[in-house]
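One structure below.
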Amino acid sequence: QVQLVESGGGLVQAGGSLRLSCASSGRTFYPMGWFRQAPGKDREFVAAIDWSLSSTYYADSVKGRFTISRDNAKNTVYLQMNSLKPEDTAVYYCAQSEIFPTITVKNYNYWGQGTQVTVSS
């Protein structure tokens, strides 16, 4: 059984940084992604990373500010978020897919419980 556990969310001022972590177990060498969902909005793709070559893919809204990475020895994926904006406020989810790259929610088979990120202006 696959388990994904996010951590690292919190409250930060605009312009600040946070690093999210996603620890996985059960099935680890697969592409991973980060999504976010703000109140009243659909869940949206943020970033994805392949497992073998660490190829990455980003949403235009976060390109240049966010960095996805992974440590396969620790079965952990990270999302470094810099220059945060109030519009980045959302619950952030990590998820596992069998496809890379893909931005489609339905292509991700396993999801974490989410971690709240709040950016104040």
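Here, each number is a calculation from the coordinates, and none is a lab measurement. Every value quoted in this text rests on a predicted model; they were computed, and no experiment measured them. With ideal geometry, Cβ positions are generated from the backbone for all residues, glycine too; neighbour counts draw on all protein chains shown.
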(request) Pull up the cross-link candidates among the lysines for K85, meaning alpha carbon to alpha carbon under 24 Å and not fewer than 8 places away within one chain. (result) K41, K63
(message) Loop only by DSSP, 13 or fewer other Cβ within 10 Å of the Cβ. Give me the chymotrypsin sites (Phe, Trp or Tyr not before Pro) in the range 13-121 that pass, ordered by residue number.
(response) F29
(message) For a Förster distance of 25 Å, can you work out the FRET efficiency between the beta-carbons of S55 and V2, rounded to the nearest 0.05?
(response) 0.70
(message) If each residue of separation counts as 0.36 nm, what is the full-extension length gain between L11 and S25 once their alpha-carbon separation is subtracted?
(response) 2.3 nm
(request) Amide H neighbours of R70 under 5 Å, at least 5 residues apart or on other chains, H built in the peptide plane: list them. (result) Y78
